[in-house]
Structure formats: structure tokens, C-alpha cells
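The values are calculated or read from the model by the stated rules, or taken from the named source; none is laboratory data. Predicted model, so just to flag it, every value in this text is computed and none were measured. In this analysis, Cβ positions are derived from the backbone assuming ideal geometry, glycine residues included, and neighbour counts consider all displayed protein chains.
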Amino acid sequence: MIEIKQLSKSYGDKVALNQLNLQINQGEIFGFLGHNGAGKSTTIKTLVSIIEPTSGEIVIDGLDLATHRETIKKKIAYVPDTPDIFLQLTASEYWDLIAVAYEIKEEAKVAKLTELSQLFAMTAHQDETLASFSHGMRQKTILIGALLADPDIWILDEPLQGLDPQAAYDLKAMMQAHADKGKTVIFSTHVLDTAQQLCDNLAILKQGELLYNGSVDTLLESSPGERLEDIYLKMAGRQADNQPTEQTEQLEEISHE
Ligand SMILES: Nc1ncnc2c1ncn2[C@@H]1O[C@H](COP(=O)(O)OP(=O)(O)OP(=O)(O)O)[C@@H](O)[C@H]1O
């Protein structure tokens, strides 16, 4: 279980996250939704130890992230929103690097790579550099690397961006299969149909504040006949609009019950 307690992050004067409290259960698919700049990536980067929070605490399976960082990092695989890393490496060299970092045995690595690179149509490209790849191919290379370790917690920042329809379909199936094995999958997205289709629970953020935390079903039941997209847009409002909508107030009550 992941417990996020009173988590805040400021970049200079800019408050990106304000006292966020959340719980993410093992084996669930958890989604972060929110307009641009809402704080989704900041939350995710804090979870994967890329950035330090200004204050607050993250506890994963009973261990405080601040004091058990190395142990916790081994449980987590992360797919960033911009896959422009290790561009000078070939896909195969990148996967080798991940296998060493996560201490994956050679036999298991080869079996998993054969399966995943075929699934994502990357076998023919494994000896080409990431620099020569399209955005989607880099994304697939990093996805394959993340899955090599069969992580307890798989965290993906806007993972569907840039994937072709087949790869997006396969990735969604893999996220579901990963959760079905009892692993935790956390992702951010702007694709509300995907959130509705995949998520057990979600958090909706706006300008660093939590607007809603709870199940997708509860959210949908709160407005019969409406899709998640309709409910989300009413709740989050327009970017410049800081005033809570009537829907926001109603849903805040539900999420605190
Ligand atoms: N390195 C940084 N320096 C200064 N401000 C930052 C930095 N990173 C993020 N911010 C600010 O923090 C706020 C939250 O940004 P964040 O990237 O977490 O949003 P997001 O919800 O992931 O947005 P998007 O959907 O556009 O990816 C924004 O106002 C952003 O401008």
C-alpha cells in the first residue's frame, strides 16, 4: 500500500502540490487526472524519488520513502512522460542496463525480452539507437525496460502519448494483466475514456489541490447517465477558473465520506 501524507511541493514561489493526502492499494489501477500543470507529474516524480517534496511523507508497504529509498526503488518501475533518455544506447543496450540495475538473471531477461519486443514490434529494431527512434518507439523501448523487472509497483506518466493504436491497446491490456497479478499500476492521463476503462480509483487534481479521490464507480454513480469526461470537465472547470463548481463541492463531500 502507498500512503501519501500531507505532501507539498513548491518550485520557488510556485506551489505545485498542496498538502496532498492519498492512499493507493496494492493490486489496483490508480489514475491521476488533471489539467496541464495540475501536479500529476510532480506527484509521480516524488513517488519515484526524482524530486524531493517540500514537506510531507510517502510510506510504501510500511516503509518511509525518505529513509528506505534504495529498498523501495527496487519495487518500482517508472516510465517517464518524455522518453528522451539514453539516446546514444541501442534498445538492447538499454535493456541490458536495466537488467543489471534490477539484478535480473540472464535467462529470465532473454525470455521476457523475446516476449515483450515481439509484442511491441521492436525485435527488428533492438540494435538501433534510441536517437534514431520515433517518440513512440522510444516509449515502447522504455516500457519494455520497465516490465523486465516485473515490478511490484508500475508507475507511468502519460504512457499512451505517442503510441500507435495497436501499441496503446496492448499496453492497456498489459496494465490490466499486471494489476490482475496483484501488482499496483499508477498512471497519469488526459485520456478520460482510458481512465474510465482501466482505473479502480483515481485522484483528480487542480492546481496542486485534490478535487476528488475515490472510485470511478462512485464518481459515475454521482451523475447517472454521464460519462467520466462530462463529470471531469464540470468538476475541473476551465484552467483560469479557480472557483469551485457546484459539482466540485458535491463531489468533495462524496470523496470525504
Ligand atoms: N522544474 C520545475 N520548475 C518550476 N516549476 C515547475 C517545475 N516542474 C513543474 N513546475 C510547475 O508545477 C506545476 C505542476 O506541474 P506538473 O508538471 O506536476 O503538472 P502536470 O499535472 O503533470 O501537467 P501536464 O498535464 O501538463 O503534464 C505547474 O505549474 C508547473 O509549471
Original post:
Among the residues of the range 44-59 satisfying the criterion of being outside any loop (DSSP other than H, G, I, E, B) and closer than 22 Å to GLN176 by Cβ, which is farthest from the ligand (Cβ to nearest atom)?
Top reply: LEU47
**OP:** Restrict the check to the range 180-190 and report whether at least one residue is surrounded by 15 or more Cβ atoms within 10 Å (Cβ to Cβ), among the hydroxyl-bearing types (Ser, Thr, Tyr) and out of contact with any Ser or Thr (no Cβ under 8 Å at 6 or more places or on another chain).
**Re:** yes
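Just wondering, is there one or more residues in the range 55-68 that are in contact with a Lys or Arg (Cβ under 8 Å, 6 or more places away or on another chain), over 28 Å from LYS14 (Cα atoms) and at pLDDT 90 or above?
Within the range 55-68, the first condition is being in contact with a Lys or Arg (Cβ under 8 Å, 6 or more places away or on another chain), and the residues that meet it are 56-61.
Next, only the ones that are over 28 Å from LYS14 (Cα atoms) stay: 61.
Those still in the list that are at pLDDT 90 or above too: 61.
Checking the range 55-68: at least one residue is in contact with a Lys or Arg (Cβ under 8 Å, 6 or more places away or on another chain), over 28 Å from LYS14 (Cα atoms) and at pLDDT 90 or above.
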**OP:** Would you be able to tell me the number of residues in the range 84-110 that are touching a Ser or Thr at 6+ places or on another chain (Cβ under 7 Å) and at pLDDT below 90?
**Re:** 0
Original post:
Within the range 19-29, can you find the residues that are under 11 Å from the mean Cα position of the chain (by Cα) and either surrounded by fewer than 23 Cβ atoms within 10 Å (Cβ to Cβ) or not assigned by the TED database to the domain that holds PHE187 (or both)?
Top reply: none
Original post:
Of all residues in the range 10-22, which are near the ligand (Cβ under 8 Å from one of its atoms) and over 13 Å from GLY37 (Cβ atoms)?
Top reply: GLY12
Original post:
If you go through the range 23-43 one residue at a time, how many are in contact with a helix residue (DSSP H, G or I) (Cβ under 7 Å, 6 or more places away or on another chain) and either more than 16 Å from the ligand (Cβ to nearest atom) or assigned to a strand (DSSP E or B) (or both)?
Top reply: 7
Subject >> Residues satisfying the stated conditions in the range 197-215, i.e. over 13 Å from LYS40 (Cβ atoms) and surrounded by fewer than 19 Cβ atoms within 10 Å (Cβ to Cβ) >> reply: GLN197, ASP200, GLY214, SER215
Original post:
Which one is nearest to TYR232 (Cα to Cα) among residues in the range 13-44 that are in contact with a strand residue (DSSP E or B) (Cβ under 8 Å, 6 or more places away or on another chain) and of a type in the set (D, E, K, R)?
Top reply: LYS40
